[in-house]
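The block underneath contains the structure these notes are about, expressed in structure tokens.
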Amino acid sequence: MSETPQIDPSIEAAPEVDELTPPDRTLLGPGPSDVHPRVLRAMSTPLVGHLDPTFIEIMDEVQDLLRYTFRTDNRWTIPVSGTGSASMEAAIGNLVEPGDTMLVPTNGYFGGRMRSMAERAGGDVVTVDAPWGEPLDPVDVERAFDRHQPDVFGFVHAETSTGVLQPNVSELTDIAHAHDAYVIADSVTSLGGVELRVDDWGIDVAYSGPQKCLSCPPGASPLTLNDRAMDKVLDREEPTRSWYLDLSLLEGYWGDERSYHHTAPITNVYALREALRLVAEEGIEARWDRHRAVASELKAGVQDLGLEMNAADEYWLPSLNAVRVPDGVDDAAVIDHLLAEYDVEIASGLGDLAGDIWRIGCMGHSARRKNVEYALAALEDALAAQGHEA
């Protein structure tokens, strides 16, 4: 007679997990930003199916609202199911084919991510150089085009790692189009926060994330392509290496057919719709103005504390303020102090600027004067705890 199997009591016992009670932070890092209460309410509404007629209407509304926010008439404007990196990879992985040459910048962390994604897509990558903390110079971009003749050019409109806003976007796109190249813009930290005009500036593809200036939880990430770029995607000789992010398949779901591809993150689409409604109600240009006005107060207050901005005034990025860490101050200790004593989140630097800057976001629902006043008082206390005087 066989023995009765012994059951490990640690497997049989259900884990005991307390009710979810995350802390109430003031999110002033590089993302996510504070989520508007209306967006949270939208996420608590009932689910419908991803092919339900009601959800089809919601999809149409989200696409219209995204076009307004991107300042584009592009038909191919969708939220990609995933975080901002998913929309980034959808843009690069679909437009860059094996054998294509892509020109990417070296002046920040996310130019490096562009490089990695383009290489994984089978592209040959060349670079246009600028120091971390400075934008690309159109003269250098022109020289890189003359030397390498790239098929695709990527640039970061708002570099989250350095606090730099790329000026002269139209000059860059004009150079690319004169060489018959396609332009991909990283607008993760600019969409809905600083001036961005996809059509007027000649951008072929732009991608973003919802958790920055749109103040929406990550999960459905904006992407727009013009007809010229989408034609290249649909005319590929071999399919993109990602089935999930293949835009030639996704267009069947987000295009006229509304045919099944995958189960969309329904609650995240609800959230994005409400976040974009807030953008439309405020007005996109008024929203740009608000970000600049509130961030200007943050910038002035930081300078009153004796601190320096990383970016020069002419290419300062209002939505992400990179502040130089003064000599003798431990950047991590200040971050820890703000979190422990004030529930304020800011972040340290990335890559070449690790340990040299703090990154203070002023994005979406977080871009409010009361948050700036609170953060400046907290920062002054954290610096004083280390013996730094303004």
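For the peptides 320-328, 362-370, the ranking by mean Cβ contacts within 10 Å, running from highest to lowest, is 362-370, 320-328. With viscosity 1.002 mPa s and temperature 20 °C, the Kirkwood radius over alpha carbon pairs of the chain converts through Stokes-Einstein to a diffusion coefficient of 97 µm²/s.
Counting heavy atoms of the protein chains alone, residue 109 has an accessible area of about 90 Å² for a 1.4 Å probe.
For the peptides 176-183, 77-84, the ranking by packing is 77-84, 176-183, with the highest mean count of neighbouring Cβ atoms within 10 Å listed first. For residue 68 and residue 16, the difference between the fully extended length at 0.36 nm per residue and the C-alpha to C-alpha distance is 14.0 nm.
For segment 7-74, the convex hull drawn through the C-alpha positions has a volume of 238 cubic angstrom per residue. Between residue 304 and residue 227, the contour length at 0.36 nm per residue exceeds the Cα-Cα span by 22.9 nm. Close amide H pairs (under 5 Å, H built 1.01 Å from N) link residue 124 with 99, 100, 101, 102, residues at least 5 positions away or on another chain.
For segment 125-262, the orientation-averaged shadow of the C-alpha convex hull comes to 9.4 nm² (one quarter of the hull surface). Placing a pseudo-label 7 Å from each Cα along the Cα-to-Cβ vector at residue 237 and residue 369 gives an inter-label distance of 6.1 nm. Against the empirical curve 2.2 N^0.38 Å, the C-alpha radius of gyration of segment 137-197 lands at a ratio of 1.13. With one equal scatterer per alpha carbon and no solvent term, the Debye-computed log10 I(q)/I(0) for segment 56-98 at 0.14, 0.24, 0.32 1/Å reads -0.38, -0.92, -1.08. With no solvent and one equal point scatterer per Cα, compute the Debye intensity ratio I(q)/I(0) for segment 217-320 at 0.16, 0.23 Å⁻¹ and report its log10, rounded to two decimals. Summing over Cα pairs of segment 217-320 leads to -0.92, -1.23. The separation of segment 290-325 from segment 362-380, counted between C-alpha centres, amounts to 12 Å. With the gyration tensor restricted to C-alpha atoms of segment 41-121, the semi-axes of the equivalent ellipsoid amount to 31, 14, 13 Å, longest first.
The peptide list 41-48, 12-19, 56-63, 278-285, put in order of mean Cβ contacts within 10 Å with the highest first, becomes 56-63, 278-285, 41-48, 12-19. When the solvent-accessible area of segment 15-136 is split by element, carbon and sulfur atoms take up 51 percent of it, the probe being 1.4 Å. Mind checking which lysines have their Cα closer than 21 Å to the Cα of residue 299? Skip sequence neighbours fewer than 8 apart in that chain. Within reach: 212, 370. The GluC sites (Glu not before Pro) of segment 310-390 meeting both criteria, a DSSP state outside H, G, I, E and B (loop) and at most 14 other C-beta atoms within 10 angstrom of the site's C-beta, are 389. Placing a label point 7 Å from the Cα of residue 281 along the Cα-to-Cβ line, the residues of segment 214-246 whose backbone N sits under 18 Å from it are 214-217. With all pairs of different C-alpha atoms in the average, the Kirkwood value for the hydrodynamic radius of segment 236-291 is 14.0 Å. Along its principal axes, segment 234-390 has C-alpha extents of 63, 36, 34 angstrom, given from the largest down.
Applying Stokes-Einstein at 10 °C and 1.306 mPa s to the Kirkwood radius of segment 326-389, computed over alpha-carbon pairs, gives a translational diffusion coefficient of 130 µm² s⁻¹. The translational diffusion coefficient of segment 110-162, from Stokes-Einstein at 20 °C and 1.002 mPa s with a Kirkwood hydrodynamic radius over alpha carbon pairs, comes to 180 µm²/s. Note on residue 352 and residue 41: the extension gain reaches 108.0 nm, defined as 0.36 nm multiplied by sequence separation minus the Cα-Cα distance. The relative contact order of segment 252-378 comes to 23 percent, based on Cα pairs under 8 Å that sit 6 or more residues apart. Element breakdown for segment 311-358 at a 1.4 angstrom probe: carbon and sulfur atoms account for 41% of the accessible area.
A 1.4 Å probe run over segment 10-133, with the rest of the protein chains in place, finds 49 Å² accessible per residue. All Cα-Cα separations within segment 164-221 were binned at 10 Å from zero, giving a P(r) of 23, 49, 23, 5, each value a whole percent of the pairs. More than 26 Å apart: what percent of Cα pairs in segment 1-136 qualify? Of all Cα-Cα distances in segment 1-136, 56 percent exceed 26 Å.
When only the Cβ of Lys, Arg, Asp and Glu is charged (+1, +1, -1, -1), the dipole of segment 39-90 relative to its Cα centre reaches about 180 debye. Computed with a 1.4 Å probe over protein heavy atoms only, the accessible surface of segment 260-390 comes to 42 Å² per residue. Taking R0 as 41 Å, what's the FRET efficiency between residue 296 and residue 140 from their Cβ-Cβ distance, rounded to 0.05? That pair, residue 296 with residue 140, gives E of 0.90.
The values are calculated or read from the model by the stated rules, or taken from the named source; none is laboratory data. Remember, it's a predicted structure, so these values are computed and weren't measured experimentally. Methodologically, a virtual Cβ is constructed for each residue, glycine included, from the backbone with ideal geometry; neighbour enumeration extends over all protein chains shown. Protein only, heavy atoms only, side chains kept; ligands, DNA and RNA dropped before computing areas. Shrake-Rupley method; radii C 1.70, N 1.55, O 1.52, S 1.80 Å.
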